[in-house]
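Here is the structure we will look at.
The values are calculated or read from the model by the stated rules, or taken from the named source; none is laboratory data. Computed from a predicted model, the values in this text were never measured in an experiment. Positions of Cβ are backbone-derived with ideal geometry, glycine not excepted, and every protein chain shown enters the neighbour counts. Just the protein is used for accessible areas: all its heavy atoms, side chains included, with ligands, DNA and RNA removed. Shrake-Rupley method; radii C 1.70, N 1.55, O 1.52, S 1.80 Å.
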Amino acid sequence: AQSVAQPEDQVNVAEGNPLTVKCTYSVSGNPYLFWYVQYPNRGLQFLLKYITGDNLVKGSYGFEAEFNKSQTSFHLKKPSALVSDSALYFCAVRDTRYSSASKIIFGSGTRLSIRP
Amino acid sequence: NAGVTQTPKFQVLKTGQSMTLQCAQDMNHEYMSWYRQDPGMGLRLIHYSVGAGITDQGEVPNGYNVSRSTTEDFPLRLLSAAPSQTSVYFCASTQQGANTDTQYFGPGTRLTVL
């Protein structure tokens, strides 16, 4: 079975500092990995994804994520946090064994809070 | 393109009532999904569809029915609402293909069952 874990419910960072939001996954086949962001009272928005190739993936709003196969991790990072980055972040995984693109499993979410 | 639209935005039901949450997309995506979002539990997949006429169950299908008569529409039906179904419901659509898989989400429906 596929699963994804976000070990931190909340991450607090000062503006201008680097941030990391952690994600680990478990799949039987090769993973497709995603990060989504949710602002208050809004639906989820796509940030970035790893399908194959370079382990460092760059996405929207200056975010990037590093795929680490040996540690089964896909941590989200940003070199310099902005107050506007404050939101709820979700990691998601799809096991490539499944032919359906809809079988994507989400983590429980990490609330990122950036203080001025 | 309007993307993924959901109606209503808010709904209050009494226990035992039925209702349908509407979802539509204008991107010609084959895959559509329904999720519920509860505090501390992330998004859980209720039902999904890989194309018109084809639906399947997700992680938490009990108490919900779906149908997919057209590519554009994917309604979610609550047959007899229960307080445990109080949640925020999101519909999503996805374009088929190994290099896509990006899900487009609707704005959500906040449902309260009393």
Zone of residue A:52's modelled label, taken as backbone nitrogen in segment A:29-43 under 16 Å from a point 7 Å along Cα→Cβ: A:29-33
Between segment A:6-59 and segment B:50-114, the Cα center-to-center distance that results, in Å: 23
Other protein chain Cβ atoms within 10 Å, averaged over every residue that makes up B:37-43: 6
Ellipsoid equivalent to chain A - semi-axes via the Cα gyration tensor, in Å: 24, 15, 12
Most positive-pole-ward Cα, B:93, B:104, A:6, against dipole of the protein assembly as shown from beta carbon charges: A:6
Computed over chain B, Cα set: Rg, Dmax in Å: 13.4, 43
Of all accessible heavy-atom area on chain B, the percent that carbon and sulfur account for (1.4 Å): 50
Dipole of chain B, positive end: most advanced residue of B:15, B:76, B:66 [Cβ charges, Cα centre]: B:15
Computed magnitude of the charge dipole of chain B (debye, nearest 20; Cβ of K, R +1, Cβ of D, E -1): 460
Buried area at the B-A interface (accessible, heavy atoms, 1.4 Å probe, summed, Å²): 1800
Accessible area in square angstrom per residue, chain A, 1.4 angstrom probe: 46
5 angstrom amide H check on residue A:108, placed H, neighbours 5+ away: A:6
Coarse-grained scattering of segment B:64-114 at q = 0.19 Å⁻¹, given as base-10 log I(q)/I(0) from a Debye sum over alpha-carbon atoms: -0.78
Karplus-derived 3J(HN,Hα), 6.51/-1.76/1.60, for each residue of segment B:42-53, Hz, glycine and proline x: x, 9, 10, 6, 8, 9, 8, 9, 9, x, 4, x
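Let's see if you can work this out: charge +1 on each Lys and Arg Cβ, -1 on each Asp and Glu Cβ, no other charges. What is the dipole magnitude of the protein assembly as shown about its Cα centre, in debye to the nearest 20?
Value, rounded to 20: 340 debye.
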Residue B:102 versus residue B:88: modelled label distance in nm, points set 7 Å from Cα along the beta carbon direction: 2.2
Residues residue B:69 and residue B:17, FRET efficiency given R0 of 25 Å [Cβ-Cβ distance, rounded to 0.05]: 0.60
Partner aspartates and glutamates for residue A:58 [C-alpha distance under 20 Å; skip if fewer than 8 residues away on the same chain]: A:66, A:85, B:101
Rounded to the nearest 10 Å², the accessible area of residue B:47 at probe 1.4 Å: 10
10 Å Cβ neighbours from other chains, averaged over peptide A:46-55: 2
Accessible area expressed per residue, chain B, with surrounding protein chains retained (probe 1.4 Å, Å²): 46
Kirkwood-type radius of the protein assembly as shown, with distances r between different C-alpha atoms, in Å: 18.1
Simple spin-label estimate for residue A:1 and residue B:80 in nanometres, 7 Å along Cα-Cβ: 2.7
